[in-house]
Amino acid sequence: ITATELTEATLDNIAATDEQLQAFISTNPDEALAQAKLIDEKGNFDNVLTGIPVGLKDNLATKGIQTTGASHILEGFKPIYNATVVEKLFNNGAVSVGKTNMDEFAMGGSTETSYYKKTTNAWDHSKVPGGSSGGSASAVAGGQVPFALGSDTGGSIRQPAAFNGIVGMKPTYGRVSRWGLFAMASSLDQIGPFTRTVQDNAAVLSAIAGFDAHDSTASQREVPDFSKKLTGDVKGLKIAVPKEYFGEGIDPKVAQQVKAAIAQLEALGATVDEVSLPHTKYGVAAYYIIMSSEASSNLQRYDGVRYGFRADDVKNLEDLYVKTRSEGFGDEVKRRIMLGTFSLSAGAYDAFFKKAAKIRTLLIEDFNKVFEKYDVIVGPTAPTVAYGLGEEVDDPTAMYLADVLTIPVNLAGLPGLSVNAGFVDGLPVGLQIIGKPFDEQTVYQTGYAYE
Ligand code: GLN
């Protein structure tokens with residue numbers, strides 16, 4: 001099969017299946033076929049990604065191709081450069097077929113805050129795909145593309161991977177360049193791959209990881225071969241299981257399923273001990289202050305002057321800003337801008353932002369202590385399986401609490417992987433594997449042995 005044939009078949013399949021999945025905001029057949037043609041002309045297929053179609057979350061800048069962050073305010077916006085990860089995928093020969101749906105500016109956990117459409121879960125179209133990278137997850141699980149990229153600020157790769165029964169990796173903070181990712185919360189955001197297998201995931205991360213002079217937080221560390229420890233062997237691996245990850249709010253059926261997965265790792269020769277991450281319950285509160293504060297600053301750039309949408313009938317510059325932002329942003333985005341602006345204001349800073357920053361340090365110390373003795377931390381990815389479309393969208397607090405198991409990993413900058421751990425009531429359950437900073441290898445090793 002040629003790259004052109006594969007690209008054509010992929011685009012046809014997306015056209016046939018996306019009415020149900022609604023995973024893509026846009027596809028770009030012309031650019032994809034042009035890319036495939038060049039690859040076929042070159043005829044060099046040595047790289048595993050050459051000619052392979054990919055879906056890109058719509059908050060990753062693609063040169064000349066509309067990139068909206070699923071926001072009305074960026075409707076029609078065509079970046080003039082590619083995100084570093086996109087450039088790296090292209091250098092490896094991958095072919096981008098389209099931009100996937102997401103929560104507006106990655107704010108949400110169900111992809112329902114998108115301005116454009118509602119994506120459905122690949123296993124049950126009446127359920128949410130998770131979020132914010134729900135389009136990427138659903139596209140991979142639904143067989144539209146073999147892999148996709150997403151971003152994870154508080155769980156947005158791992159939770160939709162869990163809800164769709166696939167593999168999703170949030171790498172260590174700094175492992176992957178954020179250049180060209182529309183910033184939500186700069187100290188938390190990371191880009192990572194969605195795939196159907198751990199092996200594929202490791203291959204994609206190898207392609208996108210590494211230092212980048214465009215991102216001052218991109219790590220200089222060497223990028224190891226992430227597939228190196230995919231041996232199936234976990235004998236002697238020390239696994240910690242935090243008791244807080246099986247406490248209040250966790251669906252007992254999900255807990256049971258994840259415990260069975262952990263028993264399987266134990267049967268393979270790993271040692272498993274219960275540990276405590278005592279500050280887990282403060283993570284969500286700290287996250288919503290830190291994330292909103294950073295987002296309120298990052299989103300100032302959308303002013304109606306520089307990008308995309310601009311309101312009509314304005315009286316003056318101030319009116320242009322106000323009208324554009326009022327009409328251009330959705331409710332969830334406005335809620336977070338207000339919360340963030342408040343948390344950073346002189347009167348509230350000490351009581352809110354500073355406190356949240358202290359909690360962040362306590363969470364990091366919790367993890368450090370456990371990692372003195374253990375190789376990985378394992379538990380559920382999300383407290384429940386996918387819920388019905390429309391069920392939680394009006395209850396932001398319930399939605400926020402659903403991130404309790406993924407958020408601490410972002411606050412501590414650690415790598416976290418979600419792999420499928422079977423099903424509850426016909427819906428996939430995610431097993432989360434958390435590693436030491438920059439130890440994605442051991443995380444993949446564990447996931448591969450289990451899978
Ligand atoms: N669901 C979380 C939130 O709404 C995480 C989002 C993300 O990781 N981008 O903030």
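Considering only DSSP beta bridges where both residues belong to the range 3-208, give the percentage that are antiparallel (nearest 5).
60 percent
From the convex hull of the Cα coordinates of the range 7-57, what is the mean projected area in square nanometres?
Its average projected convex-hull area is 3.9 nm².
Near L6, within a Cβ-to-Cβ distance under 13 Å, what is the net charge of the other residues, with Lys and Arg +1 and Asp and Glu -1?
That works out to -3.
Starting from the Cα-Cα distance between V305 and H125, subtract it from 0.36 nm times their residue separation and give me the gain in nm to one decimal.
Going from the current span to full extension adds 60.9 nm.
Taking the number of other C-beta atoms within 10 Å as the exposure measure, put E104, E75 in order starting with the fewest.
Ordered by Cβ neighbours within 10 Å, fewest first: E75, E104.
Based on other C-beta atoms within 10 Å, arrange R360, R310, R301 from fewest to most.
Ascending Cβ contact count within 10 Å gives the list R301, R310, R360.
Between rounded, prolate and oblate, where does the range 94-147 land on the alpha carbon gyration tensor, with a ≥ b ≥ c its root eigenvalues, rounded for a/c under 1.5, else prolate if a/b exceeds b/c?
The shape class here is oblate.
For D350, D375, what's the fewest-to-most ordering of other Cβ within 10 Å of each Cβ?
D350, D375
If you stretched the chain out fully between K355 and S187, how much longer would it get, using 0.36 nm times the residue separation minus the C-alpha to C-alpha distance?
Stretched fully, the K355-S187 segment lengthens by 58.8 nm.
So what is the 222 nm mean residue ellipticity for the chain from helices alone, if each DSSP H run of at least 4 adds -39500 (n - 2.57) and you divide by all residues, rounding to the nearest 500 deg cm²/dmol?
Result for the chain: -11500 deg cm²/dmol, rounded to the nearest 500.
In units of 2.2 N^0.38 Å, what is the alpha-carbon radius of gyration of the range 146-218?
1.04
Specify whether the C-alpha gyration tensor of the range 3-208 places it in the rounded, prolate or oblate class, a ≥ b ≥ c being the square roots of the eigenvalues: rounded for a/c under 1.5, otherwise prolate if a/b is larger than b/c and oblate if not.
Here the range 3-208 falls in the rounded category.
Cα-based Rg of the chain per 2.2 N^0.38 Å, rounded to two decimals?
0.93
Report the net charge of residues surrounding E365, where surrounding means a beta-carbon distance below 13 angstrom and charges are Lys +1, Arg +1, Asp -1, Glu -1.
+1
Where both residues lie in the chain, what percent of DSSP beta bridges are antiparallel, nearest 5?
The antiparallel proportion sits near 65 percent.
Quickly rank 171-179, 125-133, 41-49 as a protection proxy: mean count of other C-beta atoms within 10 Å, highest first.
Averaged packing, sorted descending, gives the order 125-133, 171-179, 41-49.
Read-outs throughout are calculated quantities, based only on the coordinates presented, and are distinct from any laboratory measurement. None of these values were measured; they are calculated from a predicted model. Because the Cβ atoms are built from the backbone with ideal geometry, glycine has one as well, and the counts that use them run over all protein chains shown.
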